[in-house]
Amino acid sequence: MCKIGRNDPCPCGSGKKYKHCCMNKELPELGDNDLFRVSAYGSEVFTKAELDKFNRIFIETTADEKFEIWKTGQGYMVKDIVPLENTMLAKGYRTMELNDIQRQKLIKHNLQYESQYIETHYYFDGIVEGGHFAWERVDGFTSSKGKISKLYIRQALDSYLLNVNLLPQKGEFKTVDEFLQTGLSIYTETNKLDFINRDGKLFFEDIQVFAILSITDKESLSIDEMISMVPKEYNVSYDIVIGHPIFILKIQGGDLKISVINEKVINVAKLKE
């Protein structure tokens, strides 16, 4: 992979040096001590407290709406990206009109949860896949037309722009937290990649693993994409998706580095003792 020098022009086109612009941009979003288990309630449900640790979150709905949300001293800013309309201050946000199955999942993962409702609308003070995104404007609550289909954070790392999806993937996938105690082996078309557990942390090639992210919208990367100095945008997931390539984020000497495994994942298994 082509590395960008600290004093090189930033590939985003800002005209600034890389070290003064996108270098380490928003990296704290990937800085959780418990990265591999993002939500205590299960991956479909996120409280506002969990999401507040991120600089910005992005929501997409089944009605092709797209929102950007970030916390301010007065509450939250909600930006309409698609359709592009406006940015407004919101006192808070929630998920509206939860169905019975969604409420049962909330109760299962949070014994203190109680069904809450405003008139006839059930709601959860956070984000739930399949509900409607709602935010409190000065003149009252308003909600999305479509149901929440994507919830993600955005990362800038080297020449990659990563949209990290927080909701569970469709299809065959494995979650890393299933293997944290044993370590894991990822089998690709030609390789076997071993991730060794050391005191509750994963290591790959003797370097601590920060995260394993799957590229969810394509099965391989071209050489041009991998070495390009122009930022490329990818949709990725914390889950290991069978049939897709992966990014391995590693920590070495305090720096975050990235390795691209440009082969389909065939299988994931516990590392043999």
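The values are calculated or read from the model by the stated rules, or taken from the named source; none is laboratory data. Given the structure is predicted, the values throughout are model-derived calculations rather than measurements. We place every Cβ from the backbone using ideal geometry, glycine too, and count neighbours over all the protein chains shown. Just so you know, the surface numbers come from the protein's heavy atoms only, side chains and all, with ligands and any DNA or RNA stripped out. Shrake-Rupley method; radii C 1.70, N 1.55, O 1.52, S 1.80 Å.
Tabulated results
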| quantity | calculated |
| --- | --- |
| Selection within segment 222-238 - in contact with a strand residue (DSSP E or B) (Cβ under 7 Å, 6 or more places away or on another chain) and either assigned to a strand (DSSP E or B) or more than 12 Å from Tyr160 (Cα to Cα) (or both) | Lys232, Glu233, Tyr234, Asn235, Val236, Ser237, Tyr238 |
| Selection from segment 92-105 of residues that are out of contact with any Lys or Arg (no Cβ under 8 Å at 6 or more places or on another chain) and in a loop (DSSP other than H, G, I, E, B) | Glu97, Leu98, Asn99 |
| Scope segment 239-248; condition open to solvent by less than 30 Å² (accessible area, probe 1.4 Å) and either part of a helix (DSSP H, G or I) or out of contact with any Pro (no Cβ under 8 Å at 6 or more places or on another chain) (or both); matching residues | Ile240, Val241, Gly243, Pro245, Ile246, Phe247, Ile248 |
| Every residue from segment 222-258 that is within 25 Å of Lys201 (Cα to Cα) and either of a type in the set (Phe, Trp, Tyr) or in contact (Cβ under 8 Å) with a residue 60 or more places away in the chain (or both) | Val236, Ser237, Tyr238, Asp239, Ile240, Val241, Ile242, Ile246, Phe247, Leu249, Leu256, Ile258 |
| Some residue of segment 249-264 being farther than 21 Å from Val176 by Cβ and open to solvent by less than 30 Å² (accessible area, probe 1.4 Å) | no |
| Enumeration of residues in segment 41-80 that are open to solvent by 20 Å² or more (accessible area, probe 1.4 Å), part of a strand (DSSP E or B) and under 15 Å from His132 (Cβ atoms) | Glu60, Lys66 |
| Residue within segment 173-180 that is of a type in the set (Lys, Arg) and either surrounded by 15 or more Cβ atoms within 10 Å (Cβ to Cβ) or at pLDDT 90 or above (or both) present | yes |
| Residue pairs meeting the criteria (Cβ under 6 Å; at least 6 apart or on separate chains; first under 15 Å from Gly253 (Cβ atoms), in segment 196-210; second open to solvent by 100 Å² or more (accessible area, probe 1.4 Å) and modelled with pLDDT under 90) | Gln208/Lys201 |
| Test: residue in segment 212-235 that is closer than 30 Å to Asn99 by Cβ and open to solvent by 70 Å² or more (accessible area, probe 1.4 Å) | yes |
| Residues satisfying the stated conditions in segment 64-87, i.e. under 20 Å from Ile153 (Cα atoms) and either without any contact (Cβ under 8 Å) to a residue 12 or more places away in the chain or among the hydrophobic types (A, V, I, L, M, F, W, C) (or both) | Phe67, Ile69, Trp70, Met77, Val78, Ile81, Val82, Leu84, Thr87 |
| Condition check for Leu193: within 22 Å of the chain's Cα centre (by Cα) and either touching a residue at least 24 places away in the same chain (Cβ under 8 Å) or surrounded by 13 or more Cβ atoms within 10 Å (Cβ to Cβ) (or both) | no |
| Close pairs from segment 147-160: first closer than 17 Å to Tyr238 by Cβ, partner of a type in the set (Phe, Trp, Tyr) and assigned to a strand (DSSP E or B), Cβ under 8 Å, at least 6 apart | Lys150/Phe58; Leu151/Phe46; Leu151/Phe58; Tyr152/Phe58; Ile153/Phe58; Arg154/Phe58; Tyr160/Tyr234; Tyr160/Phe247 |
| Residue among Ser159, Ser143 that alone is open to solvent by less than 20 Å² (accessible area, probe 1.4 Å) and among the hydroxyl-bearing types (Ser, Thr, Tyr) | Ser159 |
